[in-house]
1. Could you tell me the distance between the Cα centroids of the stretch B:47-66 and the stretch B:248-281, to the nearest Å?
2. With a 1.4 Å probe and every protein chain kept in, tell me what percent of the accessible surface of the stretch B:40-281 is carbon plus sulfur.
3. Any chance you could count the Lys pairs in the protein assembly as shown whose alpha carbons are under 27 Å apart, treating pairs 8 or more apart or on different chains as valid?
4. What average count of beta carbons from other chains do you get within 10 Å of the Cβ of residues in A:77-85?
5. Have a look at A:V175, A:A130, A:G150 and report the one farthest towards the positive end of the charge dipole of the stretch A:79-186, computed about the Cα centre with Cβ charges (Lys/Arg +1, Asp/Glu -1).
6. Enter the angle in degrees (range 0 to 90, nearest 10) between the Cα long axis of helix B:7-27 and the first principal axis of the Cα atoms of chain B, meaning the one along which they spread out most.
7. How many Å² of accessible area per residue for the stretch B:147-221, probe 1.4 Å?
8. Please report the buried accessible area for the interface of A with B, total over both chains, probe 1.4 Å, in Å² to the nearest 100.
Amino acid sequence: MRYSLSCWVLLGCALSVGPHAAVAQSAFPAPSDTLPHRPWYVPHHVVGQFAGGQGLATIGAGYGLNRNRLELDLLAGYVPRKYSITAMGIFTAKATYMPWTVPLGHHGWAVRPLALGGFVNYTASRGLNATWDDKYPAGYYWWSAHFRLGVFMGGRIAYALPSRRPTHPRRQASVYYEFGSNELYLVSWWSNPRALSLLDVATLGIGVKLDL
Amino acid sequence: MRYAYPMQAVLARWFGWSASIAATVLLTGCDLFEFSPNEIRTPEAYRDLTSKNLTALQARPNPWGDDSLRFVFISDSQRFYDEAEAFVESVNQQPNVAFVAVGGDISDFGLVREMRWVHDRLKDLNVPYLTVIGNHDLVANGRKAYQQVYGPLNYSFTYAGTRFICVDTNGREYGFNGRVPDVDWVRAQLADSAEVQRQVVMSHVPPMDNDFDRQLEVPYVQALGDAPKLVFALNGHRHSFGISQPYELNLPFIDSYSFEKRQYVVLTIWGTKGFRLNTVRY
């Protein structure tokens, strides 16, 4: 019950950005380099990711805002029982900001050299020993075993696919990477300036994104 | 059409970045590809450390050379990696130490990566080290992470005529289910004393602590009290050193320093009940 409730709350949080995005877009004529107007609930792209603290295999969907500089994604990841006490489902809400796009030649290739982002995720797993339940007096452990906050820095290569119709803008397919960490690793790193380097607390994820 | 950045410069820089990222990834192996901080995957070098350290210990003759045994006792390495490095340097200068006993809370958040960070320091000890599980090591997937990196939660070993009994006493982590510590197991280990001169019990939470399962306090303490060869009971959890006899038994309980206190205890035991205790600052 607790798990499913939390999952729905996360889903709600991520979806609630949709209507604002639609309002913002309808107030101005859509620039020609953005995707066509569509109902708010239709995601702009789909995602598949490997690792990065968000699951062994992760799939999701999201929205591109601010001329695709900002992406908001909702992801569901899976880690099999082999690597855990019981299998883990990881539900992630993620924001990625990419200030620059550098075209590479005339064949539709482009590099987005910098991506900065953050995420919050909830791990659902029956075997996970909770830190915030009634086994403990209030405040016994300050962190949650289920919720994680993460930050990351990365980049991507994008390729513009041929248009389905001449009037439509070209959809992009892209490959990205994310070097990241989470608040527990960062706290460990911060309090051990001699022993731990940023690489010690780093994680890496790679993924693909496809515009719809 | 001209772009703001010359094509070749962009490509060169981009390939430079890619190469450095690729090199980083290759150098650190695939370790960085983490599915979840709670996953328990870890390379072979970080598995079954209890068993590996016991093998290493048994291969070493007792450095004291006679009936006596000397070992170092400390606990709660959780998130004190800087201190762990200083600890290792200090212990490596101690003469005649057979091994290091760590009284639990190896990790702070029950994460496998934390256990690896601790081992990365303690593996530089000149002597083997042995651990018992602490409450923080049981958080999230910590139980399985500890089992994978170290080994069983309850185990015992005999060295230099001394039976060490390491037992999980973190009752609160199991919701005080009446089964932790496993008193029957402890009793059986203590009863098996014919071949040994003396016994030592090491656990994380001491029986008088609020995190010990109240319903098991009396039977557990009775089991310890009924063991004539038991020298003392060692525990961590409290982060401050102390030695006391909290029960109507002739049995000292020793609370260890945590790593952050930059002190540890050197215990030398002989005969059946004889021991000397020194504290060392590092």
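1. 20
2. Its accessible area is 46 percent carbon and sulfur atoms.
3. Here the count comes out as 12.
4. Taking the mean over all residues of the peptide, I get 5.
5. The residue sitting farthest along the positive end of the dipole is A:V175.
6. Long axis of B:7-27 versus the principal axis of chain B: about 20 degrees.
7. Solvent-accessible surface per residue comes out at 36 Å².
8. Interface area, both chains combined: 4500 Å², rounded to the nearest 100.
The values are calculated or read from the model by the stated rules, or taken from the named source; none is laboratory data. Every value quoted in this text rests on a predicted model; they were computed, and no experiment measured them. Ideal geometry is used to build each Cβ from the backbone, glycine not excepted, and the neighbour counts take in all protein chains shown. We work out accessible area using only protein heavy atoms, side chains counted, and drop any ligands, DNA or RNA first. Shrake-Rupley method; radii C 1.70, N 1.55, O 1.52, S 1.80 Å.
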